[in-house]
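Written below as structure tokens is the structure these notes are about.
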Amino acid sequence: MFDLLLKGGHVIDPANGIDGRMDVGIAGGRITALDTGIPAEQGKKVARVDGLYVTPGLIDIHAHAYGGYQGWLFPDTHTFPSGVTTLVDTGGAGWKKFDHFRETIMAEAKTRVLAFVNIVGAGMEGAVEQDVSEMDPVPCAKAIEKHTDVVIGSKTAHFGGPGWEAVDGAVQAARQSGTIAMIDFAPKPTRSYRELLLEKMSPGDIHTHLYAQHIPLLDDDLKVNDYVLEARRRGIVFDLGHGAGSFWFRIAVPAFEQGFLPDTISTDMHRFSANVPFAMMPQTMSKCLNMGMPLYDVIRRSTVAPAQTIRRPELGTLSVGAEADVAVLEMQHGDFGFVDSGHARMKGNRRLSCALTVRAGQVVWDLNGLTWPDWHTAGKYIVIP
Ligand SMILES: [Zn+2]
């Protein structure tokens, strides 16, 4: 018997190369069957998901769930309605406050919250992010090693100084702890994007915000720069990281046309990106879809690809035995518009939205009540489990 049976949906699970109609059986918080034609009688609870896409729970590897400056948001209220079951906080806490972050947010959220530790000891707290004396890789690496079960690596962001202290510190902390660094970078005359990609970063390190207006991804003829292509060949990971200011159609569309796609789709979710430009995962994925990325690939870059990037290969899949994190997505067809960080619009004809989210086997979002009985057949109900 299954605690929950998702029946009749179109499963897209790129980790297993699955793209077709299948049923998903969940028991004890895990995926216990992925097969065609599982009888409905085997489900204690059965949700008909015909016409919907069933995918692994989405993994957002750039979001903000802690810290003062960026306007962080508590995860569950925006993750589950977006199909996100794993969220990676990117540098909200440095080593000085990581324990507090862990106790107050990670422990309280139902979303699986992982993190990059900020190279700034005080974390993402405003002016202190510019203080190079705060950028000590030794305690940062120690914090990474202490919290290795929830930490992915190190992060640098928002540094406006002329030097390399922030990048060097984050990269050193990652190397010392055997992890990876995520880099948010704004080039200066004293430090170029080319140097960052080819001289500072190593394979597996992530550059986030690749379609930001301050990133020289394209040359004057709108061609992707050769050194960017070289960096990708060397294994540098390029993350979308939408945010309020870091996703521009006039950069992304030419890059897409040249086949320079984001390795991972992420939102940079925070208080100032949530409503305008509405950088939620399904909306950000829809932008990629309408710029020409096939749906299977959109799902891949939102599930198994981020799982591999953050070195959590057990996530981002519907494999039997995996923790049951599932998103059920609806594809809407019509005349839609999508807004970028410059508040310009791109028209599109397909939009993904999230109908149902399961986290560790528990239904945590169910827009249409697919997993509940109709009230008039429910008998004398109190609260249906
Ligand atoms: Zn961010």
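The values are calculated or read from the model by the stated rules, or taken from the named source; none is laboratory data. Predicted model only: the values in this text are computed from it and were never measured. Note that each Cβ is placed from the backbone with ideal geometry, even for glycine, and that neighbours are counted across all protein chains shown. With ligands, DNA and RNA removed, areas are computed over all heavy atoms of the protein, side chains included. Shrake-Rupley method; radii C 1.70, N 1.55, O 1.52, S 1.80 Å.
Comparing mean-square fluctuations of E230, E129, E199 from a GNM of the chain with C-alpha springs under 10 Å, the top value falls on E199. Put a dot 7 Å past the Cα of E103, heading toward its Cβ, do the same for S202, and the two dots end up 3.3 nm apart. With the convex hull drawn around the C-alpha atoms of the range 150-260, the volume per residue stands at 104 Å³.
How many percent of DSSP beta bridges within the range 1-157 run antiparallel, rounded to 5? If we restrict to bridges inside the range 1-157, about 40 percent are antiparallel.
Given in Å, the Rg to one decimal and the Dmax to the nearest whole number for the Cα atoms of the chain are 20.9, 71.
Whole-Hz Karplus values for the range 9-17 come out as x, 9, 7, 10, 10, x, 4, 10, x Hz, taken residue by residue from phi with 6.51 cos²θ - 1.76 cosθ + 1.60 and θ = phi - 60°; glycine and proline positions read x. Under the simplified labelling scheme, the H214-S353 pair shows an inter-label distance of 3.5 nm, with each label point 7 Å from Cα along Cα→Cβ.
Sorting 362-369, 310-317, 165-172 by average packing, meaning the other beta carbons within 10 Å per residue, from highest down gives 165-172, 310-317, 362-369.
For the range 344-385 versus the range 188-222, the inter-centroid distance based on Cα atoms is 41 Å. Its residues counted as N, the range 5-152 yields a C-alpha radius of gyration over 2.2 N^0.38 Å of 1.34.
Take the Cβ atoms of D335 and Q258, set R0 to 41 Å, and the FRET efficiency comes out at 0.90.
Which residues does a label at D35 reach in the range 312-329, if reach means a backbone N under 15 Å from a point 7 Å past the Cα toward the Cβ? Inside the label zone: 320-321. Scalar couplings 3J(HN,Hα) for the range 120-126, obtained by applying the Karplus form with A = 6.51, B = -1.76, C = 1.60 to θ = phi - 60°, are 7, x, 7, x, 7, 10, x Hz; x denotes Gly and Pro. Taking every alpha-carbon pair within the range 256-385, the share separated by more than 18 Å comes to 64 percent. Our compactness index for the range 87-159, the C-alpha radius of gyration over the empirical 2.2 N^0.38 Å, is 1.01. Considering only beta bridges that DSSP places wholly inside the chain, some 55 percent are antiparallel. Taking amide H atoms as placed 1.01 Å from N in the peptide plane, the amide H of H242 lies under 5 Å from those of S266, T267, D268, each 5 or more residues away in sequence or on another chain. Shape summary: the range 4-60 maps onto an equivalent ellipsoid whose semi-axes, from the alpha-carbon gyration tensor, are 18, 13, 10 Å in decreasing order.
Ordering 101-108, 341-348, 374-381, 200-207 by mean Cβ neighbour count within 10 Å, with the highest value first, yields 200-207, 101-108, 341-348, 374-381. Of the solvent-accessible surface of the range 170-251, computed with a 1.4 Å probe over protein heavy atoms with every protein chain present, carbon and sulfur atoms account for 49 percent. Normalise the Debye intensity by I(0) for the range 234-326, one equal point scatterer per Cα, no solvent, then take log10 at q = 0.13, 0.18 Å⁻¹ and round to two decimals. Taken in order of the listed q values, log10 I(q)/I(0) reads -0.46, -0.85. Dipole of the range 44-99 computed with +1 at Lys/Arg Cβ and -1 at Asp/Glu Cβ about the Cα centre; of W72, V46, G92, farthest Cα towards the positive end is V46.
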